[in-house]
Structure formats: structure tokens, C-alpha cells
Amino acid sequence: MNDPMVCRAEAGRIRLCLTSHFQGEDLVVTLHGGDRPHIGAVALARPGAPAEHLELPGHREGPLAERLAREMAEALELRVSLTCGIHLDAILPEEIEAVQAMAEELAREMIRSLRAR
């Protein structure tokens, strides 16, 4: 069965959710959160190759999506599609750093959980 896997993190007003499910042998991942979850960027990665991202105008999630997709692809040795959309009203610089750290920890948690399956 291909049940989605969900990992969540919360700190202050930051709430993130990372979900994944297999599409054949490939992994489809979404990272969303904040005040208005959305699609801001999409990244594709495969082991041993550079990852790529596409970012909608006015969004800044592309580098994060690309980094997480690449990390997951390398660690799990499979192709990964990662969609990311996080928005916090009037986000502060320290909250941007916290979002990135939380997202990276969620990706590591997801990797551990998928390896254990």
C-alpha cells in the first residue's frame, strides 16, 4: 500500500508539514506551511545529478526546495519531485532561518522513516 507519510514541526508561529508518497519508484514530496500554504517552487532531483528548481515570480522557496530534493534523492537513491510553498506574514530574518532549519530536519526525519519501511 502507498500510504502518504507525514512529518510535522512547529515552533512559535511557524508550522510546517512535509508529506511524501511513492509514485511507482519515484518519490513525490510536498512541503507547506505558514499563514497561507501554496505552491511557490518545484524541484526535481535524481541521484548523482544536479537538482533543478522552478520558482514562481515573487517566491523564494526555490533554493530550499532544490536543496531538500537533492538531499532526499541522494540519501534514498531515487528520483524526487518536491513542491514547496511556505508563507508567513511579515516574516522576520530569524524566522526565515528557523523555517530552513525546521524544513531540513523534517527532510532528515522523512529519510529515516522511509529507510525504516
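The values are calculated or read from the model by the stated rules, or taken from the named source; none is laboratory data. No experiment lies behind these values; they were computed from the predicted model shown. Heads up: the accessible areas ignore ligands, DNA and RNA and are worked out on the full protein's heavy atoms, side chains in. Shrake-Rupley method; radii C 1.70, N 1.55, O 1.52, S 1.80 Å.
Here are a few things to note about the model shown:
- Max mean-square fluctuation residue, GNM over the chain, Cα-Cα springs under 10 Å, options LEU18, LEU56, LEU68: LEU56
- Tilt relative to the chain, helix 62-76 - C-alpha long axis, 0 to 90 degrees, to 10: 30 degrees
- Overall, the anisotropy analysis places segment 1-68 in the oblate class: the square-rooted eigenvalues a ≥ b ≥ c of its C-alpha gyration tensor yield a/c not less than 1.5, with a/b not exceeding b/c.
- Cα convex hull of the chain - mean projected area over all directions, nm²: 7.0 nm²
- Antiparallel content of DSSP bridges confined to the chain, in %, to 5: 75 percent
- Helix axis angle, 93-116 relative to the chain longest principal axis, alpha carbon, degrees: 20 degrees
- Applying the Karplus relation 6.51 cos²θ - 1.76 cosθ + 1.60 with θ = phi - 60° to segment 28-38 yields 3J(HN,Hα) values of 9, 10, 10, 10, 9, x, x, 6, 9, x, 6 Hz, where x marks Gly and Pro.
- Normalised by 2.2 N^0.38 Å, where N is the number of residues, the C-alpha radius of gyration of segment 40-100 stands at 1.17.
- Within the assembled protein chains, the solvent-accessible surface assigned to SER20 is about 0 Å², based on a 1.4 Å probe.
- Amide proton proximity set for ARG79, modelled H, under 5 Å, gap of 5+: LEU27
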